[in-house]
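For reference, the structure is listed below as structure tokens.
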Amino acid sequence: MSVAMARGVLFVHSAPTALCPHVEWAIGSLLDARIDLEWTPQPAAPGMFRAELSWTGPQGTGSMLASALRGWAHLRYEVTEEPSAGVDGGRWSHTPELGIFHAVTDVHGNIMVSEDRIRYAYETGAGDPARVYHELSLALGEAWDEELEAFRHAAEGAPVRWLHQVG
């Protein structure tokens, strides 16, 4: 029986120096591989560092990576998992202030908002367009995007490493 594989990217947008080896250990424990990320200074947050890791592993690895790093103080990160055979993609975003956000994504990386979530926004809004807008903003993770955008731009041109997991 073969294991369905997926791939994605872990973006550590900012981590204090003391946390960097712990991030590597957590990722390595999960992927069962020695991880030695190339940490570079994060211009958007002086004194912080950033790193990226492209990964290949069993479906669900993205959620496991996001869970392994969840809740660490001063850590900003995003994990993506591309859609694979029979499974939608996903994106997890984390900031110390907002916590974690998860969204299902399509083959182009667009967030897909479910019918139930849209209906909830309409019902909660009860005719108030501002409330409907607020609920849809939450469903799209706009607060996380706004907070992480400066860290994403600071990463342009940064190196990316590939890591493949077997089994």
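The values are calculated or read from the model by the stated rules, or taken from the named source; none is laboratory data. As the structure is a prediction and not an experimental result, all values here were calculated from the model. Positions of Cβ are backbone-derived with ideal geometry, glycine not excepted, and every protein chain shown enters the neighbour counts. Quick note on the areas: whole protein, heavy atoms, side chains included, nothing else; ligands and nucleic acids left out. Shrake-Rupley method; radii C 1.70, N 1.55, O 1.52, S 1.80 Å.
Answer with yes or no whether PRO43 is modelled with pLDDT under 95, open to solvent by 50 Å² or more (accessible area, probe 1.4 Å) and not aliphatic (A, V, I, L, M).
The answer is yes for PRO43.
How many of the residues in segment 46-64 are open to solvent by less than 30 Å² (accessible area, probe 1.4 Å) and either among the hydrophobic types (A, V, I, L, M, F, W, C) or part of a loop (DSSP other than H, G, I, E, B) (or both)?
4
Answer with yes or no whether SER67 is among the hydroxyl-bearing types (Ser, Thr, Tyr) and not in a loop (DSSP other than H, G, I, E, B).
In short, yes.
Could you say which residue among GLY60, GLY47, GLY71 is over 18 Å from THR95 (Cβ atoms) and small (Gly, Ala, Ser)?
Matching residue, one of GLY60, GLY47, GLY71: GLY60.
Residue under question is ARG70, and the condition is that it be charged (D, E, K, R), surrounded by fewer than 16 Cβ atoms within 10 Å (Cβ to Cβ) and within 16 Å of the chain's Cα centre (by Cα); does it hold?
In short, yes.
Are there any pairs, at least 6 apart or on different chains, whose C-beta atoms fall under 6 Å, with the first in segment 122-143 and within 24 Å of ARG76 (Cβ to Cβ) and the second of a type in the set (A, V, I, L, M, F, W, C) and part of a loop (DSSP other than H, G, I, E, B), and if so, which?
ALA139/VAL113; ALA143/LEU98
Quickly run through segment 20-40 and pick out the residues that are open to solvent by 30 Å² or more (accessible area, probe 1.4 Å), farther than 25 Å from GLN59 by Cβ and not in a loop (DSSP other than H, G, I, E, B).
Listed by number, the residues that qualify are PRO21, HIS22, THR40.
Mind checking whether some residue in segment 77-91 is aliphatic (A, V, I, L, M) and either under 18 Å from LEU148 (Cβ atoms) or free of Cβ contacts under 8 Å to residues at least 12 places away in the same chain (or both)?
Taking every residue of segment 77-91 in turn, at least one turns out to be aliphatic (A, V, I, L, M) and either under 18 Å from LEU148 (Cβ atoms) or free of Cβ contacts under 8 Å to residues at least 12 places away in the same chain (or both).
Hey, any hits in segment 74-96 for a residue that's at pLDDT 95 or above, acidic (Asp, Glu) and crowded, with 21+ Cβ neighbours inside 10 Å?
yes
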